[in-house]
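The structure under discussion is supplied below as structure tokens; questions concerning it will follow.
The values are calculated or read from the model by the stated rules, or taken from the named source; none is laboratory data. Predicted model only: the values in this text are computed from it and were never measured. Neighbour counts run over all protein chains shown; Cβ positions are idealised from the backbone, glycine included. We work out accessible area using only protein heavy atoms, side chains counted, and drop any ligands, DNA or RNA first. Shrake-Rupley method; radii C 1.70, N 1.55, O 1.52, S 1.80 Å.
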Protein chains: 2
Amino acid sequence: MTESLDATDWSILAELQRDGRLPLTELGRRVSLSASAATERVKRLEAAGVITGYRADVDLTKVGFLVLAVVRLKYPGSRHEPLHRLLGERSEILECLRTTGDDCYTLKVAATSMAHLEQLINELAQFGGTTTNLVYSHTLPYRGPQRP
Amino acid sequence: MTESLDATDWSILAELQRDGRLPLTELGRRVSLSASAATERVKRLEAAGVITGYRADVDLTKVGFLVLAVVRLKYPGSRHEPLHRLLGERSEILECLRTTGDDCYTLKVAATSMAHLEQLINELAQFGGTTTNLVYSHTLPYRGPQRP
DNA sequence: CTCTACAGCCGGGAATCTGCCGGTATCTTT
DNA sequence: AAAGATACCGGCAGATTCCCGGCTGTAGAG
């Protein structure tokens, strides 16, 4: 359980982060392992919680979310439940990081229009001061963590 | 190609964002479609670029990246190529958003230790002023965009 | 109104993949 | 040296995916 990952495990993680639907036979081929050995390692990684799941990646602009923004929320209070409830209800809030510094939360928010974004910001502003920056572009194709 | 998505498409996206490895037979069952019809829709979504890929989700702390930070980079220059090269080389930089406002870039950075983070910040600081906030926790299980 | 074209869906069968089993080699422990 | 543990391989049964032909409902042309 506390075992560390070897080079093969890292290769497997790299492959599955690039293509989560890679068949185990092909995965085995790429990491120079038989399909069953590769399967066993993947299962182990899943059971250990290293791989937490598999997700389809959706192009936000292709589904109507044309506006992406980073919102920093200064939340002076200590009662975080109402905010967490909002986060759970609003799927437009794609990511929420609680951070050090003046701004307790950094959110990534998707909206279909400026009006939509404004409404989301208004909801968030109930909790504290917000700082919003629109996102021009994602500069990176996600590849996830690699071997340190 | 410019076609909009119907409710079934949204259901498919929701299911595949929750579990990208859902078998097409089970997917069809969940959205009340035959396996072949579900397959056809998924293929169409992939071909249209709505689904851009599938990824395994990796727990950063389980693979040794114990430190997560949000770094904002004020980059006054106009030559972005060197920065982009760094982003491509450093897989610790998980995400890079180019934004409006004083800070041109907002980065999500993973590191194995404070020393490692410091080194990354130093590399980034060559390009401009940085503001770094450590991340206590991810508050959200990713579920991706849902029907607007 | 009818006919044709087309899009979406269904079912079936071939090819492929997954999950499970037993067997082998290597390394550690006793 | 023997016993045990670990990681790997090959093979097979069952499940899944892929591809095909056929069916139905809608839209547009005649």
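Could you list, in sequence order, the residues of segment A:112-137 that are within 9 Å of chain B (Cβ to nearest Cβ) and free of Cβ contacts under 8 Å to residues at least 60 places away in the same chain? First the steps, then the outcome.
Step one: of segment A:112-137, the residues within 9 Å of chain B (Cβ to nearest Cβ) are A:112, A:116, A:131-137.
Result: A:T112, A:H116, A:Y136, A:S137.
So, A:R55, is that one surrounded by 15 or more Cβ atoms within 10 Å (Cβ to Cβ) and outside the structural domain of A:L16 (by TED's automatic domain parsing) or not?
On the way: surrounded by 15 or more Cβ atoms within 10 Å (Cβ to Cβ): yes; outside the structural domain of A:L16 (by TED's automatic domain parsing): yes.
Spelling it out, A:R55 is indeed surrounded by 15 or more Cβ atoms within 10 Å (Cβ to Cβ) and outside the structural domain of A:L16 (by TED's automatic domain parsing).
With the condition kept exactly as written, say whether any residue in segment B:20-43 is facing chain A (nearest Cβ under 7 Å) and open to solvent by less than 30 Å² (accessible area, probe 1.4 Å).
Restricting attention to segment B:20-43, the residues satisfying the condition of being facing chain A (nearest Cβ under 7 Å) are B:20-21.
Next cut, open to solvent by less than 30 Å² (accessible area, probe 1.4 Å) only: B:20.
Scanning segment B:20-43, I find at least one residue that is facing chain A (nearest Cβ under 7 Å) and open to solvent by less than 30 Å² (accessible area, probe 1.4 Å), so the answer is yes.
Which members of segment B:119-148 meet the condition of being among the hydroxyl-bearing types (S, T, Y) and surrounded by 17 or more Cβ atoms within 10 Å (Cβ to Cβ)? Can you show your working first?
Kept after step one, since they are among the hydroxyl-bearing types (S, T, Y), are these residues of segment B:119-148: B:130-132, B:136-137, B:139, B:142.
Within segment B:119-148, B:T130, B:T132, B:T139 qualify.
Could I ask something else about it? Filter segment B:64-85 down to residues that are more than 18 Å from the chain's Cα centre (by Cα) and without any contact (Cβ under 8 Å) to a residue 24 or more places away in the chain and give me whichever is nearest to the other protein chains (Cβ to nearest Cβ).
B:H80
Next question. Which one is farthest from B:I51 (Cα to Cα), of the residues in segment B:1-25 that are in a helix (DSSP H, G or I) and within 12 Å of DNA strand C (Cβ to nearest atom)?
Narrowing segment B:1-25 to residues in a helix (DSSP H, G or I): B:7-18, B:24-25.
Of the ones still in play, those that are also within 12 Å of DNA strand C (Cβ to nearest atom) are B:7-9, B:11-12, B:24-25.
On the way: B:A7: 16, B:T8: 15, B:D9: 11, B:S11: 13, B:I12: 11, B:L24: 15, B:T25: 19 Å.
Out of the qualifying residues, it is B:T25.
Something else about it: Can you tell me which condition A:S34 does not meet? The list is (1) hydroxyl-bearing (S, T, Y); (2) touching a Phe, Trp or Tyr at 6+ places or on another chain (Cβ under 9 Å); (3) within 16 Å of DNA strand C (Cβ to nearest atom), and all the others hold.
A:S34 satisfies all of (1) hydroxyl-bearing (S, T, Y); (2) touching a Phe, Trp or Tyr at 6+ places or on another chain (Cβ under 9 Å); (3) within 16 Å of DNA strand C (Cβ to nearest atom) except (2).
Within segment A:45-59, does at least one residue satisfy the condition of being more than 11 Å from every other protein chain (Cβ to nearest Cβ), within 16 Å of DNA strand C (Cβ to nearest atom) and of a type in the set (A, V, I, L, M)? Talk me through it step by step, then tell me what you get.
Taking segment A:45-59 and keeping what is more than 11 Å from every other protein chain (Cβ to nearest Cβ), we get A:47.
Then keep just the ones that are within 16 Å of DNA strand C (Cβ to nearest atom); that gives A:47.
Those still in the list that are of a type in the set (A, V, I, L, M) too: A:47.
Yes; the residues of segment A:45-59 include at least one that is more than 11 Å from every other protein chain (Cβ to nearest Cβ), within 16 Å of DNA strand C (Cβ to nearest atom) and of a type in the set (A, V, I, L, M).
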